[in-house]
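One structure is given here, and the rest of the page talks about it.
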């Protein structure tokens, strides 16, 4: 060995010992404690996030024609009822869960089973059909371990992919592969007319029941969510990329409306968390936040983008104070932002003003008398006649006493939920409503489509 080679080897060994490189023990550690060749990145990721992955279950009714459509909502034994299975993962410790549209859309009553076997009823809060993303909420009575997200576009072809899901109902199944490709287009089962673009591809083993499960990179960051397995093929599956999750999930959470708080901030849809606009006179303006500022931390927690900012607002109340660490023109700034209040969307007012329907909450007695599978919703008490709705000209118009059971695939629990759903409807968008009525033994489902009108203050 030459003198130069000997010096290089000594320097390398010293550096390795100081840094704790794999295979070499750090100071004071045995070689076994310092590096266990069995603890691969897949093992580490599974151990860290196995409790973040859940099983989505619920009854689904299979039948034919109108009978199937009616018994989706009314109790009855004439159709075959089965349990639908899928996967999902916790995105916030308070019980917000991300999964697929095709996993939950046809389920009658959603439930979520955690890894410890405990099962909770789940509310379906929001859907983004164009990306096959759905948001559920449970109340577990305790904080749940949430995942962390990779940055949008931070992907490498060939990097390891760790998938956790519940194939065929087998909980906490971990499989591995590599990121085979990006930018694929595919059509998911159960979503007719929808083509998913910019999808990820992996060769990790994925089967029925895995839909909605997370894809992790070797750092334990979510890079995608299982969506489609190519039929009649081996080792070809597709996932919705983290960039799409980052773009859609803040709007699905709709935190400021849902919690009645206001910041006055508009952030760019992707990373970093750069301020695009500040509403005049808003809490952000009063705190001194300016367009172009980068939000680096909120109350000491790192904020990578708009998604992390939205998640950090969950559970906040008006007058709560946020400490924002900003970067402005390359220089650090810190401001204190006191959250403002905003009224939650008024579901009763939106229904009456823009859709001509007056409604009140559904009480438990009426739900039981109507033999409804899901005892939630609102009851129509009055229907406006004439233009612009012209309900009186419909073959099956809405009637007082009808239960408004679904709006665009969302089953509203009360008028507050109705407001959150209708507030997001854009002018000209088709609003599909499901109305239920029962007269004696006759059960009727009425599907109503209304085009959302233009509202004051909207383009």
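No value in this document is a laboratory result; all are computed from the given coordinates. Keep in mind it's a predicted model, so treat the numbers as computed, not measured. Cβ atoms come from the backbone with ideal geometry, glycine included; neighbour counts cover every protein chain shown.
Structure data summary
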quantity	calculated
Label point distance in nm, residue 234-residue 320, each placed 7 Å from Cα along Cα→Cβ	5.1
Sites residue 207 and residue 352, calculated FRET efficiency, Cβ-Cβ separation with R0 56 Å, nearest 0.05	0.75
Gain upon complete extension [residue 219, residue 35; 0.36 nm per residue less C-alpha separation]	64.5 nm
Reduced Cα scattering model of the range 284-426, Debye log10 I(q)/I(0), q = 0.13 Å⁻¹	-0.74
Least to most buried among 46, 216, 89 (fewest other Cβ within 10 Å first)	46, 89, 216
Computed over the range 347-451, Cα set: Rg, Dmax in Å	12.9, 39
Proxy reagent accessibility, fewest Cβ within 10 Å first, across 113, 226	113, 226
Neighbour-count ranking [beta-carbon atoms within 10 angstrom, fewest first] of 222, 431	431, 222
